[in-house]
Amino acid sequence: MSCALPTFAASPAAEPAPPFAVLMELTHRCPLRCPYCSNPVALESASAELDTATWKRVLDEAADVGALQVHFSGGEPCVRKDLEELVAHATEIGLYSNLITSAVLLDRARLERLQRAGLQHVQISLQDAEATGADRVGGFKGGHVKKLEVARAVVRQGMALTINAVLHRHNIDRVNDVIDLAMDLGAGRIEIANVQYYGWALANRAALMPSREQLLAMDAAVRGRLPELAGRIVVDYVVPDYYARRPKSCMGGWARRFMNVTPRGRVLPCHAAETIPGMAFETVHDRSLSDIWRDGPAFARYRGTDWMPEPCQSCDHKEEDWGGCRCQALALAGSADATDPVCEVSPAHAEVAVLRDRDAAALGTEWTYRGL
Ligand code: FES
């Protein structure tokens with residue numbers, strides 16, 4: 001998921017400004033098996049998923065808390081037969097609906113039903129610019145061709161299309177082809193989203209990490225094309241974490257812009273927050289989204305800047321990057337309280353470079369596919 005989203009004014013400590021969007025992970029079921037899946041290592045089963053009535057109630061609560069958008073996500077949200085009903089409900093209560101999908105389960109008839117229900121935006125993930133590589137990464141034969149068909153149908157039907165392209169060692173050299181493909185499909189936006197190493201992806205880091213040479217070539221290619229692309233397609237791009245010198249503003253800042261609801265109804269400040277040990281998460285069965293957003297312990301834990309250690313506390317950028325990514329601090333520095341090791345002033349920054357260079361040199365490492 002890209003973090004390049006509009007910024008909001010700083011929230012007063014007592015009453016936080018409303019979230020911009022609520023991401024509803026309707027299910028963890030997914031026909032693809034991407035080795036960089038960002039869903040938790042332990043997936044929630046279909047039998048644990050919230051039912052339609054509860055998701056509708058959660059949508060009502062998303063509107064109550066002041067969110068403007070709802071992202072229907074997963075896993076693959078199209079496995080839910082009630083997707084149209086949920087989109088229609090979101091439309092009725094004034095929420096802007098975005099579908100985040102692999103697209104392989106969609107066809108024109110269902111797209112038309114979703115559009116009639118009020119769906120306004122579709123985000124489709126691409127695994128590569130060409131079918132062989134894409135289908136190999138996704139572990140789904142014929143998936144790439146299907147995605148292209150659906151992407152063209154989205155644009156033909158007049159809905160907004162974003163292409164999310166996840167780059168790694170095996171496709172990063174084709175970044176120009178990926179951009180050209182997104183333009184050809186008629187996308188209004190492309191997320192050039194390098195793999196983020198949480199969850200399942202962390203275990204596959206040595207199979208996916210690009211080399212410094214690959215990174216520099218990709219970075220030059222993207223930056224070189226930005227003037228030509230301006231006004232034609234919106235490009236969301238940030239330097240990938242392991243090669244960056246400054247941390248990204250993950251989620252636009254912890255508990256500042258987004259809420260995540262998992263398939264069984266846990267309410268999280270970010271999709272990977274469950275990796276943080278000792279953190280208690282409330283569910284939609286415990287309290288309303290408004291109450292959880294206002295003072296839920298997990299949301300309050302890293303909101304704002306008071307929690308920051310030095311050198312973050314004295315940093316001029318602390319209200320730009322909001323301390324970077326807590327889940328990455330946990331994964332790389334062993335504590336979610338630590339300075340994000342991506343930052344060059346973190347005591348653990350040098351270790352990130354060692355891990356990165358070791359994994360980038362591990363050519364021939366096979367990845368492990370995501371299993372259901
Ligand atoms: Fe960045 Fe959790 S993924 S804070």
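The values are calculated or read from the model by the stated rules, or taken from the named source; none is laboratory data. All values reported here derive from a predicted model rather than from experimental measurement. Using ideal geometry, Cβ is built from the backbone for each residue, glycine included, and neighbour counts are taken over all protein chains shown. Please note that ligands, DNA and RNA were not included when accessible areas were found on the heavy atoms of the full protein model with its side chains. Shrake-Rupley method; radii C 1.70, N 1.55, O 1.52, S 1.80 Å.
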> Which one of V284, V354, V342 has the biggest mean-square fluctuation once the chain is modelled by GNM with Cα springs under 10 Å?
Replying inline: V354
> Counting DSSP beta bridges with both partners in the chain, what percentage is antiparallel, nearest 5?
Replying inline: 10 percent
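Assign one of three labels to segment 24-116, namely rounded, prolate or oblate, based on the Cα gyration tensor with a ≥ b ≥ c the square roots of its eigenvalues; rounded applies when a/c is under 1.5, prolate when it is not and a/b is larger than b/c, and oblate otherwise. Working shown, then result.
Values: a/c = 1.82, a/b = 1.30, b/c = 1.39.
Taking the square roots of the gyration eigenvalues as a ≥ b ≥ c, segment 24-116 is oblate.
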>> Expected output is a single nm value to one decimal: the length gained when fully extending between E320 and S290, i.e. 0.36 nm times separation in residues minus the C-alpha distance. What is it?
In response: 8.3 nm
>> Run the simple label-point estimate for R136 and T283 please: 7 Å along Cα→C-beta, distance reported in nm.
In response: 4.2 nm
>> Could you sort T52, T275 by their accessible area in this structure, using a 1.4 Å probe and putting the largest first?
In response: T275, T52
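Counting only protein heavy atoms and a 1.4 Å probe, tell me what percentage of segment 255-372's accessible area is made up of carbon and sulfur. If you can, show how the numbers build up before the last one.
On the way: 2660 of 5130 Å².
The C+S portion of the solvent-accessible surface of segment 255-372 is 52 percent.
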> Which residues in segment 151-171 place their backbone N less than 13 Å from a point set 7 Å from the Cα of D177 along the Cα-to-Cβ direction?
Replying inline: 170-171
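So between V345 and R264, what do we pick up on full extension, going 0.36 nm a residue minus the alpha carbon distance? Show your work: numbers first, answer last.
Working: separation 81, 0.36 × 81 = 29.16 nm, distance 3.87 nm.
Extra length from V345 to R264 when fully extended: 25.3 nm.
Using heavy-atom solvent-accessible surface (probe 1.4 Å) with all chains present, what is the largest-first order of F72, F140? Can you show the working numbers first?
Working: F72 0, F140 60 Å².
Correct descending sequence by accessible area is F140, F72.
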> V235's amide H: which non-local residues (gap 5+, or another chain) put their own amide H closer than 5 Å, with H modeled 1.01 Å from N in plane and none for Pro or chain starts?
Replying inline: I190
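Given R₀ = 45 Å, what would the calculated FRET efficiency be for Y369 paired with E15, taking r from the Cβ atoms and rounding to 0.05? Before the final figure, lay out the partial values.
On the way: r = 45 Å, r/R0 = 1.00.
Calculated value: 0.50.
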>> Using a Gaussian network model on the chain with a 10 Å cutoff between Cα atoms, which of A336, A153, A230 fluctuates the most?
In response: A230
> How would you order 156-162, 185-191 from highest to lowest mean count of nearby Cβ atoms within 10 Å?
Replying inline: 185-191, 156-162
> For the chain, with only Lys/Arg (+1) and Asp/Glu (-1) charged at the beta-carbon, what is the dipole magnitude about the Cα centre, in debye rounded to 20?
Replying inline: 760 debye
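Using R₀ = 35 Å, calculate the FRET efficiency as 1/(1 + (r/R₀)^6) where r is the Cβ-Cβ separation of D64 and A221; round to 0.05.
Numbers: r = 45 Å, r/R0 = 1.28.
After rounding to 0.05, the efficiency reads 0.20.
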>> Under a crude label model (7 Å from the Cα following the beta-carbon direction), how far is E213 from E85 in nanometres?
In response: 5.6 nm
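Can you figure out the FRET efficiency of E149 with A46, using R₀ = 41 Å and their beta-carbon distance, to the nearest 0.05?
On the way: r = 27 Å, r/R0 = 0.66.
For R0 = 41 Å, the calculated efficiency reads 0.95.
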> In nm, to one decimal, how far is the modelled label at T54 from the one at R113, with both set 7 Å along Cα→Cβ?
Replying inline: 2.3 nm
> Tell me, what HN-Hα J-couplings in whole Hz come from the Karplus equation 6.51 cos²θ - 1.76 cosθ + 1.60 at θ = phi - 60° for each residue of segment 28-35, using x for Gly and Pro?
Replying inline: 9, 5, 7, x, 8, 10, 4, x
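What do you reckon, how do I192, I100 stack up by accessible area (1.4 Å probe), largest on top? Please list the in-between numbers first.
Numbers: I192 10, I100 40 Å².
Per-residue accessible area, sorted high to low, gives I100, I192.
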